[in-house]
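Below you'll find the structure, written out as structure tokens, and then a few comments.
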Amino acid sequence: MLRRLAPPHMQPASFAFNAANAEWAKKEIAKYPSGRQASAVIALLWRGQEQEGWVTHPMIESVAQMLSMPFIRVLEVATFYTMFNLVPVGTYLVQVCTTTPCMLAGSDAVVEACKKHIHPHPHTVSADGKFSWMEVECLGACVNAPMLQIDKDFFEDLDGPATEKLLEDLRAGRAVKPGPQNARHTSEPLGGATTLTDPSLFDGSMIGRQKRGQNAATDAEGKAPTKAASDREAPVQKPPGAAT
């Protein structure tokens, strides 16, 4: 997949880390020995993206200068890793998983909700600047498919209406809760847990139940081999006259 920086008319005039991030960058670069500062390139680009929302041409120039790297080397990193956004994004970047498990579970409806409430085309900021969306590969919650990621939060067990409500709530400034968007708790089966549901497994009442009213076996008795184990380890008896 060919990845390019946004065209010149979309690029800002300049880039600079804010005071806190600049101090952080100095400490990050200092982790590496002399001549190896380029090892911090991904970390600096990521922090720059967190600050600006996307990786810009001036940002790449600034990082290259900070790390004494040729511009093209930093550009190669930014365009290779798909975690770097090369075009402007909305306040909320919606990443919809459309890999096979999510697709089979109905991610098409999630995509349609994004087209309806954000923009018909991915990688395009909505008119109010609040959202942009894109399709991504597996986000690692296949048992809770379909799912999407918004910034650093994951929203699972979605369908079309649930996705629309999520986007409407975010647009209106209402609080949203990451995780499953139905009645499921984490990744347990729909309808609730089906195993390990007996409270006595966890309240301590099972302790000693099997030996209650009996003499507990001694340590030596517990370690003694059983008859079955002795039979397995006994030498094989060969019939008289058998070849050795």
Checklist outcome for this item: Apart from one, (1) closer than 17 Å to Gly53 by Cα; (2) touching a residue at least 24 places away in the same chain (Cβ under 8 Å); (3) of a type in the set (D, E, K, R) all hold for Glu156; the odd one out is (1)
Checklist entry - From the set of residues in the stretch 164-198 that are in contact with a helix residue (DSSP H, G or I) (Cβ under 8 Å, 6 or more places away or on another chain) and small (Gly, Ala, Ser), which is nearest to Leu139 (Cα to Cα)? => result Ser187
Item to check | When residues of the stretch 187-201 are limited to those that are surrounded by 10 or more Cβ atoms within 10 Å (Cβ to Cβ) and not aliphatic (A, V, I, L, M), the one farthest from Tyr92 (Cα to Cα) | outcome: Ser200
Item to check | Scope the stretch 110-130; condition in a helix (DSSP H, G or I) and touching a helix residue (DSSP H, G or I) at 6+ places or on another chain (Cβ under 8 Å); matching residues | outcome: Val110, Glu112, Ala113, Cys114, Lys116, His117
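Do any helices (runs of 4 or more DSSP H) lying entirely in the stretch 136-244 carry at least 1 residues that are more than 24 Å from the chain's Cα centre (by Cα) and either of a type in the set (Lys, Arg) or modelled with pLDDT under 85 (or both), and which ones are they? So that I can check it myself, show each step before the final result.
On the way: elements: 160-172, 219-223, 227-233.
Once the helices (runs of 4 or more DSSP H) in the stretch 136-244 are filtered for at least 1 residues that are more than 24 Å from the chain's Cα centre (by Cα) and either of a type in the set (Lys, Arg) or modelled with pLDDT under 85 (or both), what remains is 219-223, 227-233.
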Checklist entry - When only residues in the stretch 115-129 that are in contact (Cβ under 8 Å) with a residue 24 or more places away in the chain and closer than 16 Å to Asn85 by Cβ count, which is surrounded by the most Cβ atoms within 10 Å (Cβ to Cβ)? => result Ile118
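The values are calculated or read from the model by the stated rules, or taken from the named source; none is laboratory data. Note that this is a predicted model, so its numbers are computed, not measured. All Cβ positions, even for glycine, are placed from backbone atoms using ideal geometry, and neighbour counts span all protein chains on display.
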